[in-house]
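A short worksheet on the structure shown next.
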Amino acid sequence: MYELKNVTKRYTRGKDIVHALDGVDLTVGDGDRLVIQGPTGGGKSTLLQMLGALDRPTAGEVFLDGTDLAKLTEARLTKVRSENIGFVFQSFNLIPTLTAQENVETALVPLGIKVRERRELAAEALKSVGLGERLAHLPSEMSGGQQQRVAIARAVVKKPKVLLADEPTGNLDEGMRDEIMDVLDRLWKEHGLTFIMVTHDSALAKKAPRLATLRKGKITVRENVGT
């Protein structure tokens, strides 16, 4: 479970101080599905970085399963990310010279898993997203939707507790958007993940059980009725 208490993140831009997050309080339970929306520059990506142990707050506390991420050493933060958090990004972030299977395996290397088991787990993860026939294909040999499926397989192959997605359908057309969201929703349910997604797409936001809106670093959260 996540619990954020009075989280503030300030940046200096020239002579100005930017409050990317301004006293954010947020609780996300195990297995929850939360969508984060808001205008550009409102703090969405900054909040996701806090949840993903990629950045530290200027002030406040970011608890994951009772541990304050803000107080961990860099080595401990790396361990938390490697073991517990899967990431999916808008730009896929695949390594162009590696096959789909090899790209997925990269998430398992920090865990010390042996080569044979890595290959088996990567193949299984790719099959779970509908790419069982594409193991040996390079990113350049796949469509945008297929590349995002590889990225999703890479995020879930290590069986994380948390899946964080930053505009995962932002580079896809409407039809492929719906296919990718079906994959993400199915994996969320099958794996019991805590699933948190940033999106500008209001159609996707309306389908989420909980919706958080960030404006000028301030957050409001509401339950979506009828989801």
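The values are calculated or read from the model by the stated rules, or taken from the named source; none is laboratory data. Just so you know, these numbers come straight off a predicted model, no measurement behind them. As a convention, Cβ positions derive from the backbone with ideal geometry for all residues, glycine included, and neighbour counts pool all protein chains shown.
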The range 146-179, subset at pLDDT 95 or above and of a type in the set (Val, Ile, Thr), residue farthest from residue 29 (Cα to Cα): 150
Count - residues of the range 70-129 that are of a type outside the set (A, V, I, L, M, F, W, C), surrounded by 20 or more Cβ atoms within 10 Å (Cβ to Cβ) and assigned to a helix (DSSP H, G or I): 4
Condition met for residue 211 (in contact with a Gly (Cβ under 6 Å, 6 or more places away or on another chain) and either farther than 19 Å from residue 100 by Cβ or among the polar types (S, T, N, Q) (or both)): no
Test: residue in the range 140-149 that is under 20 Å from residue 208 (Cα atoms) and outside any helix (DSSP H, G or I): no
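Per-residue answers, yes or no, for (1) closer than 30 Å to residue 200 by Cβ; (2) touching a Phe, Trp or Tyr at 6+ places or on another chain (Cβ under 8 Å); (3) without any contact (Cβ under 8 Å) to a residue 40 or more places away in the chain:
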residue	(1), (2), (3)
101	no, no, yes
136	no, no, yes
155	yes, yes, no
174	yes, no, yes
180	yes, no, yes
183	yes, no, no
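When you scan the range 120-141, how many residues do you find that are among the basic types (Lys, Arg) and more than 23 Å from the chain's Cα centre (by Cα)?
Quick first cut of the range 120-141, residues among the basic types (Lys, Arg) only: 127, 134.
Filter again for more than 23 Å from the chain's Cα centre (by Cα), leaving 134.
Matching residues across the range 120-141 total 1.
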Tally of residues being on the phi > 0 side of the Ramachandran plot and in contact with an Asp or Glu (Cβ under 8 Å, 6 or more places away or on another chain) across the range 186-227: 3
The range 150-163 - residue that is over 12 Å from the mean Cα position of the chain (by Cα) and part of a loop (DSSP other than H, G, I, E, B) and, of those, surrounded by the fewest Cβ atoms within 10 Å (Cβ to Cβ): 159
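Quick one: in the range 51-90, of everything that is of a type in the set (Asp, Glu) and touching a residue at least 60 places away in the same chain (Cβ under 8 Å), which residue is nearest to residue 169 (Cα to Cα)?
Restricting attention to the range 51-90, the residues satisfying the condition of being of a type in the set (Asp, Glu) are 55, 61, 65, 68, 74, 83.
Keeping just the survivors that are touching a residue at least 60 places away in the same chain (Cβ under 8 Å) gives 65, 83.
On the way: 65: 29, 83: 25 Å.
Only one residue fits best here, namely 83.
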